[in-house]
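In what follows, a structure is listed as structure tokens, so that the remarks can point back to it.
The values are calculated or read from the model by the stated rules, or taken from the named source; none is laboratory data. For clarity, every value in this text was computed on a predicted model and none was experimentally measured. When we count neighbours, we look across all protein chains shown, and the Cβ atoms used for this are built from the backbone with ideal geometry, even at glycine. For the accessible areas, the whole protein counts, side chains as well, though only heavy atoms, and no ligand, DNA or RNA atoms are used. Shrake-Rupley method; radii C 1.70, N 1.55, O 1.52, S 1.80 Å.
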Amino acid sequence: ALSAGKAGARILLVDADTEPGGWLLSSDLTINSSPAMHWVGKVVSQLDAMPNVLRLSQSIASSYFADNYVTVIEENPDKAWLRERLWRIRAKRIILATGSIERPLIFANNDRPGVMLSSAVMTYCYRYGVMLGQIIVVFTNNNSGYQHAIALKKLGISVSALVDTREGADSSLERVATANGIEVIHHATVVSVRGRRKVSGIKIYVRADKKHRKIDCDLLAVAGGWNPVVHLHSQSGGKPVYSKKIESFIPGESVQM
């Protein structure tokens, strides 16, 4: 949006969230050696100063029709007497940057209060300053589980174990996790959650040892990988294609520009 705005194009930036930043709001990432949100603040200031750029927050692109016709629902218009506003937009070019949705992992009693996606745990901690548990276990099948576990540990939250379904992981992430006092358990899976009204612990199966093991915790953060959000791409006429690398559907060739 910033690059196109500087080039003189009329830009409508549609953001579903209440504030700009996307996933950066829920992370400790840096850009150019500074906190990522500092970069976001500078970019937003530049965008808002451009007369050719209109930025909508709390707005959802609900439909993508032929000939780049898009409908957007604005939930908090700038007029006090408006409850919602429906935008009907015919654009020359459209860029979809809709991100991904974290996948869950399946096991017995995975609907107990205290079982959450690890990305949701990160959002509560970083964005809202809420610690959801005293002792956390992270269950993962990919590297993002390690990144989240390490970040939570650096916040001072007790992460007792990281259960990984894979036989091996990124060695650098594993070293950092171990150095931060997180027990990494490879080639293992969560079998069930203990606790009736809330999580009191988990039962895992370690394939290498062919043994079951119990771990006490009051929060299980689950990181099952990521599914790209392909809905608008599909509505535009594009066909998703399956990626074996990430085991998910990704946008195929664009039909509209």
Subset of segment 33-51, residues in contact with a strand residue (DSSP E or B) (Cβ under 7 Å, 6 or more places away or on another chain) and surrounded by 14 or more Cβ atoms within 10 Å (Cβ to Cβ), comes to ALA36, TRP39, LEU47
Open item on the list: Taking the conditions exactly as written (in contact with a helix residue (DSSP H, G or I) (Cβ under 7 Å, 6 or more places away or on another chain), closer than 26 Å to SER26 by Cβ, in contact (Cβ under 8 Å) with a residue 40 or more places away in the chain and β-branched (Val, Ile, Thr)), does VAL222 satisfy them or not?
Closed with: yes
Over segment 40-81, the set of residues touching a residue at least 60 places away in the same chain (Cβ under 8 Å) and among the polar types (S, T, N, Q) is SER63, ASN68
If we keep only residues of segment 49-63 that are touching a helix residue (DSSP H, G or I) at 6+ places or on another chain (Cβ under 8 Å) and in a loop (DSSP other than H, G, I, E, B), then the residue farthest from ILE11 (Cα to Cα) is MET50
Residues in segment 119-141 that are open to solvent by 30 Å² or more (accessible area, probe 1.4 Å) and either more than 15 Å from the chain's Cα centre (by Cα) or more than 21 Å from GLU19 (Cβ to Cβ) (or both) total 8
For segment 10-19, check the following and say yes or no: at least one residue is under 30 Å from LEU155 (Cα atoms) and of a type in the set (A, V, I, L, M).
yes
Within segment 1-28, of all residues that are free of Cβ contacts under 8 Å to residues at least 60 places away in the same chain and open to solvent by 90 Å² or more (accessible area, probe 1.4 Å), the one nearest to the chain's Cα centre (by Cα) is SER3
**Asked** ALA61: open to solvent by 90 Å² or more (accessible area, probe 1.4 Å), within 27 Å of SER248 (Cα to Cα) and out of contact with any Lys or Arg (no Cβ under 9 Å at 6 or more places or on another chain), yes or no?
**Response** no
Across segment 232-257, the tally of residues that are touching an Asp or Glu at 6+ places or on another chain (Cβ under 9 Å) and more than 16 Å from ALA91 (Cα to Cα) stands at 3
